[in-house]
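Visitor: Dumping the structure here so I can ask a few things about it.
The values are calculated or read from the model by the stated rules, or taken from the named source; none is laboratory data. The model shown is predicted, which means the values in this text are computed figures rather than measured ones. All Cβ positions, glycine included, derive from the backbone under ideal geometry; neighbour counts span all protein chains shown. To get the accessible areas, we keep the full protein, side chains included, count just its heavy atoms, and leave off ligands, DNA and RNA. Shrake-Rupley method; radii C 1.70, N 1.55, O 1.52, S 1.80 Å.
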Protein chains: 2
Amino acid sequence: SCHSLVVEDIFLQREQNLGREGGREGIACCRYVSKAAAKPQVEFDYDGPSMKTTVPGPRSKELMKQLGQIQNTGAINFFCNYEESKGNYLVDVDGNRMLDIYTQISSIPIGYNHPALLKVMANPNNLSTFVNRPALGILPPENFPDKITESLLSVAPSGMTRVQTMSCGACSNENAYKAIFIWYRNKERGQNTPTNEELNTSMINQAPGCPQLSILSFMGGFHGRTLGCLATTHSKAIHKLDIPSFDWPVAPFPRLQYPLDEFTRENAEEEARCLEEVEDLIVKWRQKGKPVAGIVIEPIQAEGGDNHASPDFFRRLRNIARKHGCAFHVDEVQTGGGGTGKFWAHEHWGMDDPADVVSFSKKLLSGGYYHKDELQPDKPYRIFNTWMGDPSKNLFLSEVLNVIRRENLLEEVTRSGKALLNGLYELQAQYPSILSRARGQGTFCAIDAFDDATRDRILLKARDKGVLLGGCGDRSIRFRPALVFKEYHVNLFLNIFNDVLAQHK
Amino acid sequence: SCHSLVVEDIFLQREQNLGREGGREGIACCRYVSKAAAKPQVEFDYDGPSMKTTVPGPRSKELMKQLGQIQNTGAINFFCNYEESKGNYLVDVDGNRMLDIYTQISSIPIGYNHPALLKVMANPNNLSTFVNRPALGILPPENFPDKITESLLSVAPSGMTRVQTMSCGACSNENAYKAIFIWYRNKERGQNTPTNEELNTSMINQAPGCPQLSILSFMGGFHGRTLGCLATTHSKAIHKLDIPSFDWPVAPFPRLQYPLDEFTRENAEEEARCLEEVEDLIVKWRQKGKPVAGIVIEPIQAEGGDNHASPDFFRRLRNIARKHGCAFHVDEVQTGGGGTGKFWAHEHWGMDDPADVVSFSKKLLSGGYYHKDELQPDKPYRIFNTWMGDPSKNLFLSEVLNVIRRENLLEEVTRSGKALLNGLYELQAQYPSILSRARGQGTFCAIDAFDDATRDRILLKARDKGVLLGGCGDRSIRFRPALVFKEYHVNLFLNIFNDVLAQHK
């Protein structure tokens, strides 16, 4: 581990030098396209989209037919050539090269085939981590505490020194909810051990062993699709239809007007209304005999339509949770990892004690949750499964974090994000009948189309011109570029997007 | 892909030749320890356990303290040196080398650091699959249909041509349950589209949109620990205590007497009793307004104590499911992948149409479920998440399947399994006050200790003598070796185990 740090330092210096050639002094262009830096550019990124066919092209259609024999392919956009994809560009199997502003549903942190990640694969010391997946909860590898410390704990949210790894976002939230329920019942139970009645009834899914506790969530929220998570997800009916659920309270999420600073009074009123409803629901569900053990919320509702709320809203909500003895769980699965210009979106709230639990996945390459000390289960095997994460993903995460630090990517995101949001403001002023409600934090931006049909048409047209975007909510377009999306890429995107909108008019 | 097949063929021939040197002609020894084949042996396996300290040793204890600052370490056995582990031997951080008959809770298919898997890492064509994890449901890689066909579909259960990949066992079962609920409601709904009332109520977790359907499971069953799975898991109270659950029916699983063929009449009666109860529960829950949409069962209840039932029991249960319109879901997360001597344990039932859904994970290196055509959701995004599996694990799985075929590992497992079970019969005859109820299929064996304290003491003593075993149920010892566990290893184990028992007496 010491040895590999030295090797890294050499790379660090070399790449910083390369970085300087491209120019960091506020010039509105990117080293990737600077003529002076033609060589390193090729290694990391292409110089723009390049389209050969409409998308999906003939090869993608052929493969879709093949896969259609095995799975429902209704959600598949096209098939990819990941070998040829680089940096911000995703290449498809028909040779189309697209500027990727959706990044596998926001899960590619530093672009495709980043040399730092390829280097992880080239290191023979890492081989056995890929080949021998351990049952982390019982037989962890020697370097596990060190790896976790240098990766996940080095970016731990304020007030948290403990982290539980998991394999994906849904498992992270499911297990975070379990930790919350266990913590809540232990509080109620005091120092007493569980009764025989509790132990026996738990085996047949009945109270008091399986108590009727609840998690309060928000309309428009998304926290995953497994049955526990799904009971807190309220973004689209098709996600929930036909699946049994829990009778858990659902509070309204503020519907704010944008830009936020032009509607501070109206927005504050809306937020106050929602917070009042939260307290009412907590009281109501306690009276119903289904007390709220935890509150779960995204810092920006992503799947639900990129809905923002003010730092003040979150601070008050956190206080309500504390007042009523509910754990406050901030779900950063989509917002975490730097896209908002801070590593965690909740850092924008400016709190010393922002949460009791923070869950993550996607850009962090595998899942998990940080938690306060008191949320750690009292006994082993209460939060447990076979794999409990994947150390090979943590190897990549360590490198991702090194790249973020070495290349100051959070600053870059803040800069690109400003350019992106300003561009979106200009476009919605230019095309007021098509676009409205531009909003964002860092490059985690969105804008609304006139209606869903318009939105979907714009997404397809942009794709045929070489720009990959995602939809969310009813009629929103969401921007989820990698952290290596620079001002240069913003300008490239804005030009293409402008063409799409001009043709749409 | 054509190219890589050619390369594989060359390797295949070479390794088959190596294999022949070791001798396959029924000699009761293993090529790994044959003097004539000393060279390849070093590459794959060690020649026996080698203990330096008691376990956990001082270095493990040090690391446990370090990790204890970050997580609950109560379940951790010791820390591992996966680099030095080989074949059937797990090496710990104190230099102890143990014969591993537990294999990371049954999840290591062909031993540690198998050369075929290391080769996957050495192939530069595979690099990008590790570095760029796709959102498989929307942007799969070009080789995804081929890879799935040559890996998962090449071992598809009888009657199934469709498979949905997932990241872990719990997610596999959660999503299989969802597919069952969707299928069941679509049957009830006929050709009609969902009503607005259904769509609207689903958003707030209420019926009819979120209907009160249930999954019938069995006492002693284990299907995972996320909230949906946990409602069907009934192996230990500590897994379920304090977690809200669903009011779903729990049937008794037959408590048979072993050896099965000495108690056919008694066991048949017990099985009939359980099947009757299953039908009663289905009727009762339908009357309650919580109809049983699916029945989930393990071919051998693993966590619950290695409880077996006869092929006849499963055939009748499958018919009950069909009769009542319930999907029949066979959970092969622990039994799948060859440990019972067939690739799927349900193949022992000898049925053309054994199930509607078969879920897997562990030895298959990532999760998923096979299903009948009609279990495929009618619309995209109903069964969906960001990653939906991990193609890099499928690369390894392809190689694992190649090794299983090339080395006839299922036959080897059957042979080793017989030797193991016969050895266990002898030991329980020799130590009747300590051991009883030896049982198994292939190397998927178990034996009961007098009580839980005896069991735990035996497990620790065996470990200090260099043999890693697992517990399950109240007082069972379970055997879960890799598929490369040969007769030679059986004999090695039996000698050590005999010593442990002799000292215990």
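Visitor: Which of the residues belonging to the range B:318-361 are among the acidic types (Asp, Glu) and not in a loop (DSSP other than H, G, I, E, B)?
Guide: Hits for the range B:318-361 are B:331, B:347.
Visitor: If you take the residues in the range A:108-159 that are in a helix (DSSP H, G or I) and of a type in the set (Ser, Thr, Tyr), which one is nearest to the other protein chains (Cβ to nearest Cβ)?
Guide: Among them, the one singled out is A:128.
Visitor: How many of the residues in the range B:364-403 are in contact with a strand residue (DSSP E or B) (Cβ under 9 Å, 6 or more places away or on another chain) and among the β-branched types (Val, Ile, Thr)?
Guide: Matching residues across the range B:364-403 total 1.
Visitor: Show the residue pairs that are 6+ apart or on different chains and have beta-carbon atoms under 7 Å apart, the first residue being within the range A:164-187 and under 24 Å from residue B:367 (Cα atoms) and at pLDDT 95 or above, the second being open to solvent by 10 Å² or more (accessible area, probe 1.4 Å) and assigned to a helix (DSSP H, G or I).
Guide: A:169/A:362; A:171/B:170
Visitor: To continue, here is another question. Give me the pairs, please: first residue somewhere in the range B:334-352 and of a type in the set (Lys, Arg), second residue anywhere and buried (at least 24 other Cβ atoms within 10 Å of the Cβ) and not in a helix (DSSP H, G or I), beta-carbon distance under 9 Å, and either six or more positions apart or on two chains.
Guide: Correct list of pairs: B:342/B:442.
Visitor: So residue A:105 clears everything in (1) more than 30 Å from residue A:54 (Cα to Cα); (2) of a type in the set (A, V, I, L, M, F, W, C); (3) part of a helix (DSSP H, G or I) except one condition, right? Which one?
Guide: So residue A:105 meets the others, but not (1).
Visitor: Separate question: Does at least one position in the range A:381-392 carry a residue that is assigned to a helix (DSSP H, G or I) and under 16 Å from residue A:223 (Cβ atoms)?
Guide: No, the range A:381-392 contains no residue that is assigned to a helix (DSSP H, G or I) and under 16 Å from residue A:223 (Cβ atoms).
Visitor: If you don't mind, another one. Checking residue A:193 against (1) at pLDDT 95 or above; (2) outside any strand (DSSP E or B), which single condition isn't satisfied?
Guide: For residue A:193, the failing item is (1).
Visitor: Looking only at the range A:216-239, count how many residues are crowded, with 24+ Cβ neighbours inside 10 Å, more than 18 Å from the chain's Cα centre (by Cα) and without any contact (Cβ under 8 Å) to a residue 24 or more places away in the chain.
Guide: Of the residues in the range A:216-239, 2 are crowded, with 24+ Cβ neighbours inside 10 Å, more than 18 Å from the chain's Cα centre (by Cα) and without any contact (Cβ under 8 Å) to a residue 24 or more places away in the chain.
Visitor: If residue B:47 meets every condition in (1) within 26 Å of the chain's Cα centre (by Cα); (2) within 30 Å of residue B:341 (Cα to Cα); (3) assigned to a loop (DSSP other than H, G, I, E, B) apart from one, which number is that one?
Guide: Going through (1) within 26 Å of the chain's Cα centre (by Cα); (2) within 30 Å of residue B:341 (Cα to Cα); (3) assigned to a loop (DSSP other than H, G, I, E, B) one by one, residue B:47 breaks only (1).
Visitor: Here's something else I'd like to know. Looking at B:172, B:167, can you tell me which residue is within 30 Å of residue B:327 (Cβ to Cβ), hydroxyl-bearing (Ser, Thr, Tyr) and within 9 Å of chain A (Cβ to nearest Cβ)?
Guide: B:167
Visitor: Same structure again: Kindly list the number of the only condition in (1) among the aliphatic types (A, V, I, L, M); (2) open to solvent by less than 30 Å² (accessible area, probe 1.4 Å); (3) part of a helix (DSSP H, G or I); (4) out of contact with any Pro (no Cβ under 7 Å at 6 or more places or on another chain) that fails for residue A:182.
Guide: Of everything listed in (1) among the aliphatic types (A, V, I, L, M); (2) open to solvent by less than 30 Å² (accessible area, probe 1.4 Å); (3) part of a helix (DSSP H, G or I); (4) out of contact with any Pro (no Cβ under 7 Å at 6 or more places or on another chain), residue A:182 misses just condition (4).
Visitor: Return the residues of the range B:245-266 that are within 14 Å of chain A (Cβ to nearest Cβ) and either in contact with a helix residue (DSSP H, G or I) (Cβ under 7 Å, 6 or more places away or on another chain) or of a type in the set (Phe, Trp, Tyr) (or both); say none if nothing qualifies.
Guide: Scanning the range B:245-266 gives B:245, B:246, B:248, B:249, B:251, B:252, B:253.
Visitor: With over 30 Å from residue A:268 (Cβ atoms) and surrounded by 22 or more Cβ atoms within 10 Å (Cβ to Cβ) as the only criterion, which of A:190, A:209 stands out?
Guide: None of the other options fit; the residue is A:209.
Visitor: Among the residues of the range A:370-398, how many are in contact with a His (Cβ under 8 Å, 6 or more places away or on another chain) and open to solvent by less than 10 Å² (accessible area, probe 1.4 Å)?
Guide: 1
Visitor: Go through the range B:316-340 and give me each residue that's open to solvent by 10 Å² or more (accessible area, probe 1.4 Å) and either farther than 26 Å from residue B:188 by Cα or acidic (Asp, Glu) (or both).
Guide: B:333, B:334
Visitor: For the range A:175-204, give me each residue that is facing chain B (nearest Cβ under 7 Å) and hydrophobic (A, V, I, L, M, F, W, C).
Guide: If the condition is that a residue be facing chain B (nearest Cβ under 7 Å) and hydrophobic (A, V, I, L, M, F, W, C), then A:181, A:182, A:199, A:203, A:204 are the ones that fit.
Visitor: Where the second residue is part of a loop (DSSP other than H, G, I, E, B) and not hydroxyl-bearing (Ser, Thr, Tyr) and the first is under 15 Å from residue A:388 (Cα atoms) and more than 7 Å from chain A (Cβ to nearest Cβ) and lies in the range B:66-87, which pairs have Cβ atoms under 8 Å and are six or more apart or on separate chains?
Guide: Pairs found: B:73/A:380.
Visitor: Could you say whether any residue in the range B:267-278 is surrounded by 15 or more Cβ atoms within 10 Å (Cβ to Cβ), more than 10 Å from chain A (Cβ to nearest Cβ) and in contact (Cβ under 8 Å) with a residue 60 or more places away in the chain?
Guide: Among the residues of the range B:267-278, at least one is surrounded by 15 or more Cβ atoms within 10 Å (Cβ to Cβ), more than 10 Å from chain A (Cβ to nearest Cβ) and in contact (Cβ under 8 Å) with a residue 60 or more places away in the chain, which makes the answer yes.
Visitor: Going residue by residue through the range B:437-456, is there one that turns out to be open to solvent by 60 Å² or more (accessible area, probe 1.4 Å), modelled with pLDDT of 95 or more, of a type in the set (Gly, Ala, Ser) and assigned by the TED database to the domain that holds residue B:493?
Guide: Of the range B:437-456, the ones open to solvent by 60 Å² or more (accessible area, probe 1.4 Å) are B:450, B:452, B:456.
Filter once more, so that each one left must be modelled with pLDDT of 95 or more: B:450, B:452, B:456.
In the following step, the residues that additionally are of a type in the set (Gly, Ala, Ser) were identified as none.
Taking every residue of the range B:437-456 in turn, none turns out to be open to solvent by 60 Å² or more (accessible area, probe 1.4 Å), modelled with pLDDT of 95 or more, of a type in the set (Gly, Ala, Ser) and assigned by the TED database to the domain that holds residue B:493.
Visitor: Pick from B:294, B:304: which is of a type outside the set (Ser, Thr, Tyr) and open to solvent by less than 10 Å² (accessible area, probe 1.4 Å)?
Guide: Going through B:294, B:304 in turn, just one is of a type outside the set (Ser, Thr, Tyr) and open to solvent by less than 10 Å² (accessible area, probe 1.4 Å): B:294.
Visitor: Anything in the range A:334-389 that is acidic (Asp, Glu) and more than 9 Å from chain B (Cβ to nearest Cβ)? List them, or say none.
Guide: A:347, A:352, A:353, A:356, A:373, A:374
Visitor: Still on this structure, please answer the following. Looking at (1) in a loop (DSSP other than H, G, I, E, B); (2) more than 7 Å from chain B (Cβ to nearest Cβ), can you tell me which one residue A:242 breaks?
Guide: (2)
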